[in-house]
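The values are calculated or read from the model by the stated rules, or taken from the named source; none is laboratory data. Bear in mind the structure is a predicted one, so any value in this text is a computation, not a measurement. Don't worry about glycine lacking a Cβ; one is built from the backbone with ideal geometry, like all the others, and counts go over all protein chains shown. Ligands, DNA and RNA are excluded from the accessible area calculation, which covers all protein heavy atoms including side chains. Shrake-Rupley method; radii C 1.70, N 1.55, O 1.52, S 1.80 Å.
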Amino acid sequence: MASLLRRKIIKTGAEQPAEHQLARTLSWPHLVALGVGAIVGTGILTLIGVASDRAGPAVLLSFVVAGAICACAALCYAEMATMIPASGSAYTYSYAVLGEIIAWVVGWSLILEYSLVVSAVAVGWSSYAVRFLAGVGIVLPDALTHGPSAAGAFGINLPAVFIIAVVAGLLTLGTRESARINSALVILKIVTLTLFVIVALPHFDTANLTPFAPYGYGSVAGADGVKYGMMGAAAIIFFAFYGFDAISTAAEETKNPERDLAIGIVGSMVACTIIYIVVALAAVGAVHYSVFGKSAEPLALILVQLRQPGIATVIAAAAAIALPTVLLGFLYGQSRIFLVMARDGFLPPALARVSERGTPARVTIVTALFVAVIAALMPIDVIASLANAGTLCAFVAVAACVLVLRRRSPDARRPFRMPLAWIVAPLAILGCVYLFTSLQVVTQLSFLGWNVLGLVVYFLYGRARATMVV
């Protein structure tokens, strides 16, 4: 039993073998842009429709609740990232603090999270891209714009596969080049959302907020098995806020991780929370939620309803151009987690090698192939719901790491010391557990099944190959 809880000796990037070292090219502006790019995306451009369908105008409170829980988790991440400035995010922290088997479960859950996030964003991007192309007279065959339908009709989402390939190619070129392009696209994304608010807000009508909470403020299962209500929507809209955890995976590529990681994580969360609330208010106030609740491109649809088809096309075009920043952030994060798990022996060691440019090209390509299959064949609401389960597991683990280290090593150096740790960290844990209970039962069972499979892989392959432990 003790061997299952053995803890990893953490090595920083400089202590890794030369073939495993990543290039340190990022500073805090890059990290803030990476965070904003990863956070502001599918959640507000696409999932606001799904969440509004489940909560009505009370989706505004869903954003507040999900944002508050994520803010608590972000503070926990900021403390752990500056204490342990190494790649791997929650997986690395869990391995150093909680033990090997817990780290494996967290890492396996992160594989689920990042794979599904990238896939969901690619599907969302596909919807906006198809709408934009249609607006300029290019109509793609329906069977090539979405996965198989519930009725059994064949389909494959080729635009989603295409954008994953583009972003993966960019990441293999170099981290600094990717960060520069990401920063430019983040600015475009903020301008796009500002344009939407400017156009939609003058049409605000309080009648669109009635009934405010048609399914209540809790989480209730509908006849279709979907969880409705304000908290049910919060469990989905939670997807919209995470992305700051991708920043923590950049520790080994950050010039001054002890300072810059905390700025990147906390700064991006504050900026994105403000953006989300303003955009959501403009959306549900301009058009009744029942109109855009089922749409994969809700903001563009709202503008069409407001008789602004030209601006809707502009929004769709900007979304198609800017949404890849989310893909970049999460594909970046997932490849780094795969890289660290390969270093530790849990995945084939060949995946841990980096290219001459200092990027993990091999693992990035493997990751891209994996998520492209998911994006090509699965619908966005199913993908997002499953992704949230993996994220909630990781957030609970990081908050637990903070509390354990506060007790085990109270005098340890903490470049960023989160305030009110014994209040904030438990709130993060309780909030995440409650959101997990608000997910669909099929999502909960799928998550448990995924981790049962993970434990089988651990005992048959990973445990005997684990390295660098005490």
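Below, the figures for the structure above:
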{"read-out": "Centre separation in Å (Cα based) which lies between region 263-333 and region 82-134", "value": "21 Å"}
{"read-out": "Solvent-accessible surface (1.4 angstrom probe) belonging to residue 205, in square angstrom, nearest 10", "value": "70 Å²"}
{"read-out": "Ranked by how many other beta carbons lie within 10 Å on average, peptides 160-170, 116-126 from highest", "value": "116-126, 160-170"}
{"read-out": "List 344, 142, ordered by accessible area with a 1.4 Å probe, largest first", "value": "142, 344"}
{"read-out": "Dipole of the chain, positive direction: furthest Cα of 369, 452, 165, with charges on the beta-carbon", "value": "452"}
{"read-out": "Computed label-point distance, nm, for sites residue 223 and residue 417 using a 7 Å Cα→Cβ extension", "value": "5.8 nm"}
{"read-out": "Spin-label model distance (nm) - residue 27 vs residue 377, 7 Å beyond Cα toward Cβ", "value": "4.6 nm"}
{"read-out": "Surface per residue (accessible, 1.4 Å probe) for the chain, Å²", "value": "36 Å²"}
{"read-out": "Pairwise Lys count, the chain - Cα closer than 30 Å, eight or more residues apart or different chains", "value": "5"}
{"read-out": "Percent carbon-and-sulfur accessible area, region 240-361, ignoring ligands, DNA and RNA, probe 1.4 Å", "value": "63 percent"}
{"read-out": "Residue 442 versus residue 205: modelled label distance in nm, points set 7 Å from Cα along the beta carbon direction", "value": "3.5 nm"}
{"read-out": "Residue-level accessible surface for residue 83, protein heavy atoms, 1.4 Å, Å²", "value": "40 Å²"}
{"read-out": "Largest-first ordering by accessible area, 1.4 Å probe, given options 128, 461, 217", "value": "217, 461, 128"}
{"read-out": "Extension gain, residue 408 back to residue 452 (0.36 nm per residue minus Cα-Cα distance, nm)", "value": "12.8 nm"}
{"read-out": "Residue-wise HN-Hα coupling along region 253-259, computed from phi with Karplus coefficients 6.51, -1.76, 1.60 (Hz; x: Gly, Pro)", "value": "10, 9, 5, 10, x, 5, 9"}
{"read-out": "Dipole moment magnitude, nearest 20 debye, the chain about Cα centre, only Lys, Arg, Asp, Glu C-beta charged", "value": "940 debye"}
